[in-house]
């Protein structure tokens, strides 16, 4: 076992009671995909060697892991060997999607080429930004992609798609990255009658397909954003279900286990989008959905009541509240 391949990382967990970030050393063993952890401050073992139920394919800086109901985030490499062997995997590039019907297609293409979507946001460009970026429209979707040779790969993937602009240089990628800052206005409307959808972490592998289907049905989305909720934020979002839904704790675990994609839908013709999206998503329990409404999103992309692929607004009055929290407050 002495020569067994392993990688070392540093993780952080925010202790909300002590209001303090605690650091741990995480060892990952490639042979059996197990981990063990050590408490750095107290100099003692924190976790015996074990396999996580939901283990990411690759551990990178920024990866979130749910361990004993605590959300740990990898913040650094733990030794030079790990750092050297992972060099390049955090290379990041950016692009701008000009037409919404390409969002899902681009996401699928990225995932199929061993890359990750690490940021996504629909934004309103000022006249000055439009001029600087040589774009003739105000509403666009900025996308950030990470992985080995991401700049070269992503530029090659979208090279023949005029509706998508990919950064060709590091300088251009950095310029596009500025679109994710809070000072750039989101396209979120928080309008009365708006409804909210969240593609949950476990279903992110199918995010491209789900987005394609939503846009195909509703024509367009008013706002979209990739977000990674921590446990406290997930609890706050799901507060209405506390002491009401037995799966509340598992639901917050799932929603805070990794990145999600949030979507806002609005209507100009007075249609009840809240009810429409609920019907499109299907019954909350994916097993029930598969039995009685097999064509719905939850039936096809979910597995049970917790991992049911997508959250959607329950009440007609809650859509604007949910989108405001997810797009503007966080």
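Any read-out appearing in this document is the output of simple, stated calculations on the displayed coordinates, not a laboratory observation. The shown structure was predicted, so the numbers you read here are calculated from the model rather than taken from an experiment. We place every Cβ from the backbone using ideal geometry, glycine too, and count neighbours over all the protein chains shown.
A few remarks follow.
- Diffusion coefficient of the stretch 192-296 by Stokes-Einstein, Kirkwood radius over Cα pairs, 20 °C, 1.002 mPa s: 144 µm²/s.
- Beta bridges per DSSP with both ends in the stretch 92-180, % antiparallel, nearest 5: 100 percent
- Counting every pair of alpha carbons in the stretch 92-180, the share spaced more than 21 Å apart comes to 20 percent.
- Remark: 303, 156 ranked as 156, 303, counting other beta-carbon atoms within 10 Å and listing the fewest first.
- Potential extension, residue 51-residue 139 segment - 0.36 nm per residue separation minus Cα distance: 27.3 nm
- Scaled against the 2.2 N^0.38 Å expected of a compact globular protein of N residues, the Cα radius of gyration of the stretch 19-152 reads 1.35.
- Whole-angstrom gap from the stretch 126-195 to the stretch 251-330, using each part's C-alpha centre: 26 Å
- Residue exposure proxy: 298, 242, 151, 293, ordered by other Cβ atoms within 10 angstrom of their Cβ from fewest to most, comes out as 242, 293, 151, 298.
- Label zone of residue 127 (point 7 Å out along Cα→Cβ, amide N under 20 Å): in the stretch 186-219 this covers 186.
- Between the beta carbons of residue 29 and residue 177, assuming R0 = 35 Å, the FRET efficiency works out to 0.50 to the nearest 0.05.
- Point-to-point label distance, residue 216-residue 101, nm (Cα→Cβ direction, 7 Å offset): 1.2 nm
- Three semi-axes of the equivalent ellipsoid, the stretch 6-85, Cα gyration tensor, whole Å, largest first: 19, 14, 12
- For 17, 72, 86, order by how many other beta-carbon atoms lie within 10 Å, fewest first: 17, 86, 72
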